[in-house]
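Participant: Before I ask anything, here is the structure I am working with.
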Amino acid sequence: TSDYHPADPKLNGKYNDYASINLKPDLHHDRSTKFTLSVRDAETLEEFYPKFFSVTFFDFDRQRDDGATEALQFHDYSAFMTSKDTELNIEHLGAEHASPCVKFSATTHGTGSDNPKDPMHLDSKQFNRATSIVFTGKHKVDFELSVGKGEWPRFFIFTFRTSLACAKNIETNTTEDMTIYTPEASHEMWREWCRPSAPAPAPAPAVVQYKAAPTDAPKAPWTTYLIIALVLLVILIAMIALCAFAGKPAPAGAVYAAPAGAAYAAGGAAAPAGTAYATGGAAAPAGTAYAT
């Protein structure tokens, strides 16, 4: 959204598991370019408003002579995190802007050989040169990339996930302690990823140990339980009805018997004249007939 001076535009785009944007420094003064990141439906390209989304930028560094320093500035964020031993210089610029604004700058030199290869497996140096930023209820955000005066091209690599909260340190095979910064009083936006030991008052940071939230088993909707209850109720009513009618005497004066007044026993033999048999084959009291 402003003048852009790439070192090589063909190198922009996908870089392994990252997205990449490169800038060409100027020998005499700093350069910066503003960008807009938007979230859209993959099929319709219509604006999409997720509950939250996050971006992680990696590998903030500069030339060995401290030139071409990489920097990133974000506006109107909900929160961000860094490692507890971050190398980044962090400037809170809220007083100069209508919404929360933060700027991250490199403080150490680096080369292509120390770039991360996998955003989910980082060494300590790579953790310390990265930041994850979270946005809530938005479909687009503005950010600014800048590079100090210098000679060597600078590459900004990033992913659309909260990699710092999820990645493992390949040196210890564990997740890292993170420092969380938020301009809001609530840590509610972080409950998707971690459980802070205690909410931190803004703007002071709080150090938390990330633990993956437990994965709950899928729960059936309440309508499923209602249908099951109704089916069980119908079965229960049917069983009660069967119990009630089993062995019930026939109405007074009614005889379920063979023709010509002869009643039959269970084995099919004719009963004595005037005698009806119950289901079990025992003779019923005189004058009583049983229903089947």
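The values are calculated or read from the model by the stated rules, or taken from the named source; none is laboratory data. The structure displayed is predicted, hence computed values, not measured ones. Backbone-built Cβ (ideal geometry, glycine too); neighbour counts: all protein chains shown. Quick note on the areas: whole protein, heavy atoms, side chains included, nothing else; ligands and nucleic acids left out. Shrake-Rupley method; radii C 1.70, N 1.55, O 1.52, S 1.80 Å.
Participant: Would you call Thr33 under 21 Å from Ala130 (Cβ atoms), part of a strand (DSSP E or B) and more than 32 Å from the chain's Cα centre (by Cα)?
Facilitator: yes
Participant: For the stretch 186-208, does any single residue satisfy the condition of being at pLDDT 60 or above and of a type outside the set (S, T, N, Q)?
Facilitator: Among the residues of the stretch 186-208, not one is at pLDDT 60 or above and of a type outside the set (S, T, N, Q), which makes the answer no.
Participant: Go through the stretch 41-159 and tell me which strands (runs of 3 or more DSSP E), entirely inside it, have 1 or more residues that are touching a Leu at 6+ places or on another chain (Cβ under 9 Å), open to solvent by less than 50 Å² (accessible area, probe 1.4 Å) and among the β-branched types (Val, Ile, Thr).
Facilitator: Per the criteria, 52-58, 79-83, 101-105, 131-136, 140-147.
Participant: Please specify each residue of the stretch 15-40 satisfying the condition of being out of contact with any strand residue (DSSP E or B) (no Cβ under 7 Å at 6 or more places or on another chain) and surrounded by fewer than 11 Cβ atoms within 10 Å (Cβ to Cβ).
Facilitator: Leu27, His28, His29
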